[in-house]
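Here is the structure we will look at.
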Amino acid sequence: MVHTISAPELYQWMQKDNSFCLVDVREKEEFQAGYIEGAQLLPLHQVHQAQLPERPVVLYCRSGKRSDMAGQLLSAQYPNGEFYNLEGGILAWQASKLPLLQSENLP
């Protein structure tokens, strides 16, 4: 099962508790253009290879569709895992005027 989390809720989590894993399932070019601090890049086509820690995982993409798909795949692979989809993706994050990082130097 994949739960949803709003951008403001995720931001509050980040301020209080960093005991979750934040995963961006977009492509490298999208990630470089702007990502949420602490996120690790794991493009959707590589999700099936993921080795995830035993803690909650928050997934996001541009609008929430790919991350929901990733959550469904991961919840099937890890039935005891705790997965969250950022509702509205990074677009909702930006609309809430929350901070993004940029990097053009990723390997």
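Got a number for residues in region 20-63 being part of a helix (DSSP H, G or I), touching a Pro at 6+ places or on another chain (Cβ under 8 Å) and surrounded by 16 or more Cβ atoms within 10 Å (Cβ to Cβ)?
Step one: of region 20-63, the residues part of a helix (DSSP H, G or I) are 28-33, 44-49.
Right, trim to touching a Pro at 6+ places or on another chain (Cβ under 8 Å) and you get 28.
So of that shortlist, the ones also surrounded by 16 or more Cβ atoms within 10 Å (Cβ to Cβ) come out as none.
Going through region 20-63 one residue at a time, the tally reaches 0.
Being surrounded by fewer than 21 Cβ atoms within 10 Å (Cβ to Cβ), touching a Gly at 6+ places or on another chain (Cβ under 9 Å) and within 24 Å of L73 (Cα to Cα) is the filter here, so list the residues in region 2-19 that pass it.
Scanning region 2-19 gives V2, H3, T4, S6, N18.
Here are the criteria: (1) at pLDDT below 95; (2) basic (K, R); (3) touching a Gly at 6+ places or on another chain (Cβ under 8 Å). Tell me which single one R62 does not satisfy.
(1)
So, E9, is that one modelled with pLDDT of 95 or more and more than 14 Å from L101 (Cα to Cα) or not? Spell out how you get there, then give the answer.
Values: modelled with pLDDT of 95 or more: yes; more than 14 Å from L101 (Cα to Cα): yes.
In short, yes.
Return yes or no: is S75 out of contact with any helix residue (DSSP H, G or I) (no Cβ under 7 Å at 6 or more places or on another chain) and part of a loop (DSSP other than H, G, I, E, B)? Give the steps one after another, and end with the answer.
Details: out of contact with any helix residue (DSSP H, G or I) (no Cβ under 7 Å at 6 or more places or on another chain): yes; part of a loop (DSSP other than H, G, I, E, B): no.
Here the answer is no, as S75 does not meet what is asked.
The values are calculated or read from the model by the stated rules, or taken from the named source; none is laboratory data. None of these values were measured; they are calculated from a predicted model. Glycine also receives a Cβ, built like all others from the backbone with ideal geometry; neighbour counts cover every protein chain displayed.
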